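The values are calculated or read from the model by the stated rules, or taken from the named source; none is laboratory data. Bear in mind that the values here come from a model prediction, so they are computed numbers and not experimental data. Positions of Cβ are backbone-derived with ideal geometry, glycine not excepted, and every protein chain shown enters the neighbour counts. Keep in mind that these areas ignore ligands, DNA and RNA; they rest on the heavy atoms of the full protein, side chains included. Shrake-Rupley method; radii C 1.70, N 1.55, O 1.52, S 1.80 Å.
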Amino acid sequence: MDFRLRQLQCFLTLSELLNYGKTARALYMSQPTITFQIKSLEESFGVRLFERDRQQVRLTDAGFALRAYAQTIVETVEAARECLGNLHSNLRLRVSCGPVGQFVLLPAVIRTLAAQYPEFELEVSELSTEQQMTRLPEGTVDALLMVGALPIDGVRFDPICEEPLVAVISQQSPLAAHGSISVQDLRNNALIASRLKDCRFHQPYLHSLLAPYGVTPRIVESPHSCSVQFAYAAAGEGIAIATASMAACTFPGVAFLPFEEPLPPLRLGMAAIETNDRVAMSLFRQVVLDCARAVFEDKEDKPKPALRKLLLHQPPSAVFENQRAAG
């Protein structure tokens, strides 16, 4: 059976107006074209849909029966057209990504979205923690990627990974020659932390992290940017504490050392407003979790503990060469 949407539209308009001339004007078509479309539709179904004489046009029983089906078909197609037409604008998301995500997870997410959903528009911004806590409830950012759980009402938090902590120190420091660092070494070295106006949680977190070891850190405040804090560390202004995945960052002048003590890992995940049920949010969440599973399971399988410790305190160029050889 071969018929087109245009024929159904002609049929529905004619069934309402019951006048070929008015139907032609309503659809901006010629009257012979309307006659041809109706005749073609009748041939497709093998029935007469209209009775026509000099005085009037009226629906046959078959025409009455077809009208409900034709209306459903046209409305369904129009709904599908509207949905598909809006799909491009619907697949758009604004995301703020934490430092670990930028180096470890975000490349895989961007690559997967480009391959599977080329129409997806992902806008990534770098925000301080305080900005994240303000803009997520406001709706000016849709999701926070690779951040810790934040006290924001109505937020869904999807855990992604638990990251071990490492110390980021200047390569000029005598500690850089060691294969690891002790928490006790922090008694005589300042810790680099975000300014309170950028993140109210970072400095209290460092205090609570070291309190069980009897260490009260001396804080050197810096902007929230991870790159700036690494620059402070490279300059010898203090020691930064980061996650082990950040060792993949080839930042000049710093070394990454694992801690000798069993510090609790940092739990990271994705945060979004619970009521955000947009298609883009659902797709993005699934892509993030799939990529995280692949990235972090791959990390667990490949690096051996001894090799990982060795890589952490080598210069960035040596880290890159060894990772490439190991891969």
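A cut-off under 10 angstrom between Cβ atoms defines the neighbours of residue 197, and their net charge, with Lys, Arg +1 and Asp, Glu -1, is -1. Near the amide H of residue 241, within less than 5 Å, lie the amide hydrogens of 168, 192, all on another chain or at least 5 residues away, with H placed in the peptide plane.
Counting charges near residue 182 (Lys, Arg +1; Asp, Glu -1) among other residues having Cβ under 11 Å from its Cβ returns a value of -2. For segment 201-245 versus segment 140-161, the spacing of their alpha-carbon centroids is 22 Å. Here the translational diffusion coefficient of the chain follows from Stokes-Einstein with Rh set to the Kirkwood radius across Cα pairs; for 25 °C and 0.890 mPa s it amounts to 100 µm²/s. Computed across segment 191-248, the Kirkwood hydrodynamic radius from all distinct Cα-Cα pairs reaches 11.8 Å. Per residue, the chain exposes 54 Å² of solvent-accessible protein surface, assessed with a 1.4 angstrom probe and all protein chains in place. Amide H to amide H distances under 5 Å link residue 156 with 272, 273, 274, where only residues 5 or more positions off or on other chains count and H is placed in the peptide plane.
Within the accessible surface of segment 53-177, defined with a 1.4 Å probe on protein heavy atoms only, the carbon and sulfur portion equals 51 percent.
Net charge of the neighbourhood of residue 130, taken over other residues with C-beta under 12 Å away and scored Lys/Arg +1, Asp/Glu -1, is +3.
A simple spin-label model places pseudo-atoms 7 Å from Cα toward Cβ; at residue 116 and residue 188 they are separated by 5.2 nm. Sequence-ordered 3J(HN,Hα) estimates for segment 150-160 from the Karplus curve with 6.51, -1.76 and 1.60 and θ = phi - 60° stand at 10, x, 10, 5, x, 9, 8, 10, 9, x, 10 Hz, glycine and proline given as x. For residue 50, the residues whose amide H sits under 5 Å from its own are 60, ignoring neighbours fewer than 5 places away on the same chain, with H placed 1.01 Å from N. All Cα-Cα distances of segment 1-74, cut into 5 Å bins from zero to the largest, leave 3, 18, 31, 30, 16, 3, 0 percent in each bin in turn.
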